[in-house]
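Just so it is clear, none of the values below were taken in a lab; they were calculated from the coordinates. Note that the coordinates shown come from a computational prediction; the quantities given were computed from them, not determined experimentally. Don't worry about glycine lacking a Cβ; one is built from the backbone with ideal geometry, like all the others, and counts go over all protein chains shown.
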Amino acid sequence: MAIYMGIDIGSSATKGVLLKSGRVAAHYLLASGGDYRAAAQSVREELLRKAGLKEKAITATAVTGHNVSNLPFEHKRLADIRCCARGIHFLSPEARTIIDIQALSSRAIRINEEGRVTDFATSEKCAAGSGRFLEMMANILRIDFEEMGPLSLESRSPVSFTTSCAVFEESEVISRIAEGAAVPDILAGVHQSLSEKLAALVHKAGLEECVALSGGAALDEGLVKSLEEKLGVKLLLPQPRLVTALGAAIMAAEAN
């Protein structure tokens, strides 16, 4: 029986998926911390434990993301943009555009009916266009990430920010807090600011429906709603945190 493993080593979290007979047999996610090698090994061991398998049972492993060459197990190295596309296509074959919100950057990806990348656009190296921006705002407001979406949906008068720089926007948030702006209104403004940057990326790559969202930021329902309003589409959310690891597992299977 062929069993394939895919691991996605992100700067924030490391994710893993185990495919058995073409179906997901196990998945796992943990914080990457400062040791990507240890995180990848921990994910591998936990996937095997959850599936009740020994290491020798794995037919092939594919890894994408950070530090992929320095791992203590045999693996195939893959580009994360291809893995993301293949994972999205597997779960939502109707998708033609992907918005991939990573911890340190974001990108819009165009794919064809086979799930292959045809075009893409990447954000500048600035936290204001990434998932890190949301983490920064949650820390300033002293709330958990999971609270951001529900709270933002309570907004009645979203705050408008005048800068596109994460550092300056952080200062603006602090100023709005001092002025007495409500947390839901600040969060709604934060979501609008990020969704404007993401929408610009999508239009740069070329918007083609259907549109799927990947990355941990897709769990923020306030951001999803804001982005849907900006693009005028209903976003697909196919396992956004695991989809790149899934794509790696699929590509490991296709190579054998």
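Things worth noting here:
- Taking amide H atoms as placed 1.01 Å from N in the peptide plane, the amide H of Ser106 lies under 5 Å from those of Ser123, each 5 or more residues away in sequence or on another chain.
- Derived scalar couplings ³J(HN,Hα) [the stretch 116-121; Karplus, 6.51 cos²θ - 1.76 cosθ + 1.60; whole Hz; x for Gly, Pro]: 9, 6, 10, 6, 7, 9
- Kirkwood-type hydrodynamic radius, the stretch 93-237: 15.2 Å, calculated from all non-identical alpha-carbon pairs.
- Kyte-Doolittle mean at least 0.0, axial Cα span of 30 Å or more - DSSP H helices of the chain: 183-205
- Taking Cα centre as origin and charging only the Cβ of basic (Lys, Arg, +1) and acidic (Asp, Glu, -1) residues, the dipole magnitude of the chain rounds to 1000 debye.
- Here's the picture: charge each Lys and Arg Cβ at +1 and each Asp and Glu Cβ at -1 in the chain, and of Ser157, Ser106, Ile7 the one pushed furthest to the positive end of that dipole is Ile7.
- Residue order, fewest to most beta carbons within 10 Å, for Cys83, Cys210: Cys210, Cys83
- The simple Förster model, with R0 at 30 Å and r as the Cβ-Cβ distance, assigns Thr59 and Thr118 a FRET efficiency of 0.50.
- Once the chain from Glu229 to Ala2 is taken as fully extended at 0.36 nm per residue, the excess over their C-alpha distance is 77.4 nm.
- Per-residue ³J(HN,Hα) for the stretch 28-34, Karplus 6.51 cos²θ - 1.76 cosθ + 1.60, θ = phi - 60°, Hz, x for Gly and Pro: 7, 9, 8, 5, 5, x, x
- Per-pair calculated FRET efficiency, R0 = 25 Å: Phe145 and Glu94 via Cβ, rounded to 0.05: 0.30
- Close amide H contacts of Ala212 (hydrogens built in the peptide plane, cut-off under 5 Å, sequence separation of 5 or more or a different chain): Arg96, Thr97, Ile98, Ile99, Leu236.
- The chain: antiparallel DSSP beta bridges as a percent of all, rounded to 5: 65
- If you take the Cα centroid of the stretch 63-142 and the Cα centroid of the stretch 143-220, the two points sit 19 Å apart.
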